[in-house]
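The values are calculated or read from the model by the stated rules, or taken from the named source; none is laboratory data. Not measured: the values here are computed from a predicted model. Ideal geometry is used to build each Cβ from the backbone, glycine not excepted, and the neighbour counts take in all protein chains shown.
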Amino acid sequence: MLDLLILGAGPAGCAAAMQARRADLKVLLLEASSRVRPTPRETLHPGIEAIFAKLGGLEAVLAAQFHRHRGVWIAWDESYRFEAYGEDATGAWLGFQAERRRLHEILQNAAEGAGAKLRRAVTPEAVLLDGAEVKGVRADGQEIHARWTADATGRDGWLACALKLDQTVCSPTMHVRFGWSADCIQDVDAQPRITATPSGWEWRAPLGNTRAAWVKLAVDRPEEPISRQSGTDVSWQIRANCAGPGYFLLGDAAATLDPLSSHGVLRAIMSGMLCAHLAAGNFHGHLPQDQSIDSYKSWIRGQFEHDVRTLRTLYRRHPSAELATLF
């Protein structure tokens, strides 16, 4: 039997695997995709370096030579301004514009290097239950048993959907679209920029080599509903039962926020690390199952509520008074 079965080998799943291996747990990652789909590059804040250094993979992340940035240009509610991340005796703190495919490869390699098993192109088919307790999944016709199962499948929330866990929505409907352009955005000195628009906001991030990524968010208004074909739904949602007997929901499977929260990858990685820490505590007899579950739910709820308060403050300062009143 496995100690931890992880569905999804993105940042949350890989972080959980690496942390669990540090506690000598037997870990298997199941990744449904054989390759990463095209998506915007991940914007990683400088604080991610210390976490990568602890988990493993920092050297590979630095060697990938992702485009670095020292802050963000902001055109929102006040004068156009630049907000730097900060600096210390070693110099300016730098974030990353990381190519998602390469970042996932780095993290998956680090998880395997730590001793976790990884199976690609494997899709779960059904949950294994003993009463209300999750005991693993059936995948490719095989039953895979585990003490704990972690859902790191992102917004799809495969396990959450299979268990029919309810979501609470805490915002208007919001959709994002993304793409790439050859616009090198000369006026922002190779730094990202966020700009308020009449319907929401636009993010543009230089990638180096005269290329840039963009993300556009639109908020659904009662008199101007957004077409469902207009992008990915990123409304703020949380599953109150983000942990339960035998399972944890990681990252966006537990709680979803729109990209303006700016630290989705960091939040996902931290949720994976906490899941592994609590699973290990339970496995080694330090934490009862109920305490592991309650601790995780409390942390997810606290992080979500803090970010919701921060986001509401930002949106209420949006230059469109009509949009601001929706928050």
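Within the bounds of the stretch 93-102, is there any residue that is touching a strand residue (DSSP E or B) at 6+ places or on another chain (Cβ under 7 Å) and of a type in the set (S, T, N, Q)? Taking every residue of the stretch 93-102 in turn, at least one turns out to be touching a strand residue (DSSP E or B) at 6+ places or on another chain (Cβ under 7 Å) and of a type in the set (S, T, N, Q). Residues in the stretch 295-313 that are exposed (fewer than 15 other Cβ atoms within 10 Å of the Cβ) and without any contact (Cβ under 8 Å) to a residue 40 or more places away in the chain: 6 in all. Applying the condition of being part of a loop (DSSP other than H, G, I, E, B) and in contact with a strand residue (DSSP E or B) (Cβ under 7 Å, 6 or more places away or on another chain) to the stretch 40-63 and asking which residue is modelled with the lowest pLDDT yields 40. Counting only strands (runs of 3 or more DSSP E) wholly contained in the stretch 97-194, the ones carrying 1 or more residues that are over 21 Å from the mean Cα position of the chain (by Cα) and of a type in the set (Asp, Glu) occupy 124-130, 133-139, 142-151. The set of residues from the stretch 81-94 being surrounded by 12 or more Cβ atoms within 10 Å (Cβ to Cβ) and not charged (D, E, K, R) comprises 82, 84, 85, 92, 93, 94. The residue list 72, 27 contains one member that is crowded, with 17+ Cβ neighbours inside 10 Å and at pLDDT 95 or above, which is 27.
Kindly indicate the residue of the stretch 84-96 that is small (Gly, Ala, Ser) and not in a strand (DSSP E or B) and also farthest from residue 207 (Cα to Cα) among those meeting that condition. Here the residue is 89.
For residue 78, indicate whether it is among the acidic types (Asp, Glu), without any contact (Cβ under 8 Å) to a residue 40 or more places away in the chain and out of contact with any Cys (no Cβ under 9 Å at 6 or more places or on another chain).
Working: among the acidic types (Asp, Glu): yes; without any contact (Cβ under 8 Å) to a residue 40 or more places away in the chain: yes; out of contact with any Cys (no Cβ under 9 Å at 6 or more places or on another chain): yes.
Against the criterion (among the acidic types (Asp, Glu), without any contact (Cβ under 8 Å) to a residue 40 or more places away in the chain and out of contact with any Cys (no Cβ under 9 Å at 6 or more places or on another chain)), residue 78 qualifies.
When 166, 151 are checked against the criterion of being acidic (Asp, Glu), surrounded by 14 or more Cβ atoms within 10 Å (Cβ to Cβ) and under 22 Å from residue 255 (Cα atoms), a single residue qualifies: 151.
Considered as a group, the residues in the stretch 1-22 that are within 17 Å of residue 145 (Cα to Cα) and crowded, with 24+ Cβ neighbours inside 10 Å include one that is nearest to the chain's Cα centre (by Cα), and that residue is 8.
You will find that of 55, 62, the residue that is over 19 Å from residue 207 (Cβ atoms) and either surrounded by 14 or more Cβ atoms within 10 Å (Cβ to Cβ) or of a type in the set (A, V, I, L, M, F, W, C) (or both) is 55 and no other.
Those residues that are under 26 Å from residue 45 (Cβ atoms), out of contact with any strand residue (DSSP E or B) (no Cβ under 6 Å at 6 or more places or on another chain) and at pLDDT below 75, I need them from the stretch 185-230; list them, please. Within the stretch 185-230, 186, 187, 209, 210 meet the criteria.
Residue 265 passes every criterion in (1) closer than 20 Å to residue 169 by Cα; (2) of a type in the set (Val, Ile, Thr); (3) modelled with pLDDT under 95 apart from (1).
Look at residue 195 and say whether it is of a type in the set (Ser, Thr, Tyr), touching a residue at least 12 places away in the same chain (Cβ under 8 Å) and farther than 24 Å from residue 98 by Cα. Judged against the criteria, residue 195 is not a match. Confirm whether residue 260 is under 12 Å from the mean Cα position of the chain (by Cα), farther than 19 Å from residue 159 by Cα and at pLDDT below 95. Answer is no for this residue.
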